[in-house]
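Following: one structure in structure tokens, then a few remarks.
Computed from the coordinates by the stated procedures, all read-outs in this text should not be read as laboratory data. Fair warning: this is a prediction, and the values are worked out from it, not measured in the lab. When we count neighbours, we look across all protein chains shown, and the Cβ atoms used for this are built from the backbone with ideal geometry, even at glycine.
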Amino acid sequence: MNYKIVTDKQLQYIFNAVIISRIEYRSQLTFISEDKCRSLIAPYRILFKHKLNISKCAPNALMQTRLLYNFHNIYDVKI
């Protein structure tokens with residue numbers, strides 16, 4: 001997806017509807033630690049920030065607020 005032309009809303013949908021549901025389904029019988037959840041999400045977060053021309057150092061809370069993008073956290077979904 002690095003070279004594709006996609007909007008921020010499309011990336012949000014892919015993450016919330018597709019990626020989160022796949023990870024949730026595949027990890028039904030195992031517990032994933034919070035650190036592992038962060039490492040699973042990190043490449044996608046970097047891609048999202050890159051597509052929006054935001055610095056990698058920008059706080060991740062920007063993506064998780066309900067007012068902007070409302071990205072779901074894998075760890076919260078699993079709990």
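Is there a residue in segment 24-41 that is in contact with a helix residue (DSSP H, G or I) (Cβ under 8 Å, 6 or more places away or on another chain), of a type in the set (S, T, N, Q), over 16 Å from Ile79 (Cα atoms) and in a loop (DSSP other than H, G, I, E, B)? The answer is no, given that none of the residues of segment 24-41 is in contact with a helix residue (DSSP H, G or I) (Cβ under 8 Å, 6 or more places away or on another chain), of a type in the set (S, T, N, Q), over 16 Å from Ile79 (Cα atoms) and in a loop (DSSP other than H, G, I, E, B). Reported count of residues in segment 1-20, each being surrounded by 12 or more Cβ atoms within 10 Å (Cβ to Cβ) and assigned to a helix (DSSP H, G or I), is 10. Applying the selection to segment 41-50, what residues are surrounded by 15 or more Cβ atoms within 10 Å (Cβ to Cβ) and free of Cβ contacts under 8 Å to residues at least 40 places away in the same chain? Hits for segment 41-50 are Ile41, Tyr44, Arg45, Lys49. Out of curiosity, is Asn53 at positive phi and surrounded by fewer than 10 Cβ atoms within 10 Å (Cβ to Cβ)? Taking the combined requirement at face value, the residue satisfies it.
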